[in-house]
Amino acid sequence: MRRRSVLGAGLGAAALPLAGASAQQRFAGREVVATAFGGPSQDMLQRMVFDRVQRETGARGTQTPLLSANAFARMRAEAQAPQIDLFMFSGGQHVQAKADGLTQPLPAQPHFANVPANLKDPEGHWIAWGLVTEGILYRPDKVPNPPKSYRDFFRPEFAGHIAFPHITNGYGTDFLVMLARAHGGSETNIGPGFDALRRIAPRANIFRSAAEVQTLFASGDIWIMPYDGASAMRSTNMGIPVAYAVPEEGAPYVLLVGCVARRSRNADIAAAILNGHLEPEVQAAIAKDVGWAPVNTATQLPTDVAPFMAPTDKLAHLDRDVINASRAAWTDRFNREISR
């Protein structure tokens, strides 16, 4: 997406306030290494968080971009002598990492208290610092009565104007689950979801990649689809009118999580860096420039950003263990019954 900077002259000065002069250089001569998601978010976080921590505490922080699956593989491989201290995950690997004894508790930090309990580990082994929130995207110029539920995909006026992602796209899987829930099913009773998809699919556009979202909406033929709020914001920034609705069933989401390798000796620095990620100013900047929703409930989002983010009390918590275990069978069924 096109980056729109909110880093005014005062923002850098306001970010990451530490505990006064006594905190100066408390980590002098030490270095922390973290994984990153790459792209604009890595540059922003280096400037707003890692560089700031270095100025304030003397600890040098560096980031190495790694996909979550690759990062988890490296965490396992280096368990006895970690070369990376702080791991950022977006695919649920933090749960397995803790279960496998690969993480350690994070020292408490001021902003950790503002993260809802369901978005952090009760024993302190991981904490979320961002969200990718899903929901319903629609063309407000074509849809005067905004959708409120996944059941609204069956409104007669939407026939022939629906798109939804293939099940090999994670959002397509989540759409299937939310349709099941909206029609009395669940992750363990997915039949109602497939029944619903069969009703939608004959006159719908089934797509696979995020790059198609703007193209589909720009065509004028697609008025509604399930996807993430960040894509709606990107489309709007490109001049395509796309709005985002949080369904009454809740918004599925992807967690952006930080956790520390068990044998790392830099958990104190890593915790300070995660606290920096949770600064309200940083959370707002990430939301505006990257499209990831805040988890710090004290964050005030700009008025042009808030409509594209689901608040933390409107999230739908999906059973990812059941979904992952069922993925192969669901994909096979999707290809037989839904895909064309």
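Worth a mention:
- Computed from point charges on the beta carbon alone (+1 for Lys and Arg, -1 for Asp and Glu), the dipole magnitude for region 135-174 about its Cα centre is near 80 Debye.
- Residues of type aspartates and glutamates that K314 reaches as a straight line, Cα spacing below 13 Å, ignoring anything fewer than 8 places off in the same chain: E134, E248, E249
- Residues T188, T64, ranked from the fewest to the most other C-beta atoms within 10 Å, line up as T188, T64.
- Region 311-325-region 173-239 distance, computed between alpha-carbon centres (Å): 17
- Of the three principal axes defined by the Cα atoms of region 193-339, the extents in descending order read 54, 39, 27 Å.
- Peptides ranked, highest mean first, by Cβ atoms within 10 Å: ranges 45-52, 269-276, 169-176: 269-276, 169-176, 45-52
- Interchain or long-range residues, amide H under 5 Å from G130's placed H: L256
- Model label points for D195 and N118, set 7 angstrom from Cα along the Cα-to-Cβ axis, are 2.6 nm apart.
- Listed by chain and number, the aspartates and glutamates whose C-alpha is less than 16 Å from the C-alpha of K98, apart from same-chain residues fewer than 8 away, are E78, D85, D121, E123, D321.
- In this simple spin-label approximation, Q80 and D332 carry label points 7 Å from Cα along the Cα→Cβ vector, and these lie 4.0 nm apart.
- In region 219-305, GluC sites (Glu not before Pro) in a DSSP loop with at most 15 other beta-carbon atoms within 10 Å: E248
- Charge dipole of the chain about the Cα centre (unit charges at C-beta), most positive-ward option of G239, T299, I286: G239
- Projecting the Cα atoms of F154, P165, I190 onto the charge dipole of region 131-196, computed from C-beta unit charges around the Cα centre, puts F154 farthest toward the positive end.
Every number in this text was worked out from the coordinates using simple rules, so none of it is lab data. What you are looking at is a predicted structure, and each value in this text was computed from that prediction instead of being measured. In this analysis, Cβ positions are derived from the backbone assuming ideal geometry, glycine residues included, and neighbour counts consider all displayed protein chains.
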